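Here's the structure, in structure tokens; my notes come after.
The values are calculated or read from the model by the stated rules, or taken from the named source; none is laboratory data. As the structure is a prediction and not an experimental result, all values here were calculated from the model. Reconstructed Cβ throughout: ideal geometry from the backbone, glycine too, with neighbour counts over all protein chains shown. Ligands, DNA and RNA are excluded from the accessible area calculation, which covers all protein heavy atoms including side chains. Shrake-Rupley method; radii C 1.70, N 1.55, O 1.52, S 1.80 Å.
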Amino acid sequence: MKTLIAGAVLLSTSAMAHDTHFSTDTCDIDLNSGLSIQNDVISFSKKGNTLYQLINDQQLVINDKTIGLTAKQQAVVTQYSREIRGLVPEVKSIAIDAIELASEGVNLAFDELLGAGNKIGADLSQQLNTLKVDVENNFDVNQFAIDEHGSLDADFLGEDFEQKIENIVEETVQNSMGTLLIAVGQELLLAGGNMDAFEEKMEKFGEQVEYEMESRAEVIEQKAEGLCKSVESIDRLEEQLKSLVDEMPQLDVITVQSSDRKKA
């Protein structure tokens, strides 16, 4: 049963970000600098130093100097700034979907063994909902920051995000082991003590959960593919800006590798 639950969690979080790296079947994304989005300012930083800033989707500031822009340069700066802001709700949506998928998966498992409305499922739902609220509060298009090591607001959503969900599940299972053992015992009694029959029943149920979770996970993967396309556009705009503005730092702050290049 624990393996079944863990499988549901892993299915739900397979498309999430790790450190400064985000990977799906469609692309690999790396953020090579810190990124801060405030009401009027987007800032990129490296080793504690500001690389450049985008002000009000209009101005480009490098080394505390506002760069004079031609009409063409201005158009790229504006689009670049707006598309970066647009990433925040996309990532937020994927994170929330992953949490909801984990909640659905574990509740399906516990409901099968303990019945609908069981306390373990309710406790898990409550803890995962708390994590969901944290995501909603931390992903604000006007107040968002991630450092160059991938830490979002003191490591809220970095490499430990999947582990946060797994820890919630594991802690709840451990605290409820007595209840789970009683439920397993009851299932064995219903099966006449036939362990093979019990295992076959749970295996079939595991296949059902896997099927349902995979179908739901496709929605997350589709959103992840959309995110890849958004980042590819931002990456192209970054390269345009570096070619158009001599003062721009030549560091690739955002890089993306499409599936075609991954397979090459």
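Out of everything in region 68-93 that is more than 26 Å from the chain's Cα centre (by Cα) and in a helix (DSSP H, G or I), what residue ends up being surrounded by the most Cβ atoms within 10 Å (Cβ to Cβ)?
Top of the filtered list is Val77.
Quickly run through region 99-140 and pick out the residues that are β-branched (Val, Ile, Thr) and surrounded by 14 or more Cβ atoms within 10 Å (Cβ to Cβ).
Answer for region 99-140, where residues must be β-branched (Val, Ile, Thr) and surrounded by 14 or more Cβ atoms within 10 Å (Cβ to Cβ): Ile99, Val106, Ile120, Val135.
Could you count how many residues in region 63-82 are touching a residue at least 24 places away in the same chain (Cβ under 8 Å), under 21 Å from Leu35 (Cα atoms) and of a type outside the set (Lys, Arg)?
Within region 63-82, residues that are touching a residue at least 24 places away in the same chain (Cβ under 8 Å), under 21 Å from Leu35 (Cα atoms) and of a type outside the set (Lys, Arg) number 7.
Check region 251-262 and report whether any residue there is in a loop (DSSP other than H, G, I, E, B), among the aliphatic types (A, V, I, L, M) and at pLDDT 75 or above.
Yes - at least one qualifying residue is present in region 251-262.
Kindly indicate which of Asp57, Asp123 is within 26 Å of Glu136 (Cα to Cα), of a type in the set (D, E, K, R) and assigned to a loop (DSSP other than H, G, I, E, B).
Result of the check over Asp57, Asp123: Asp57.
Within region 44-54, work out how many residues are modelled with pLDDT of 95 or more and open to solvent by less than 30 Å² (accessible area, probe 1.4 Å).
Selection size over region 44-54: 2.
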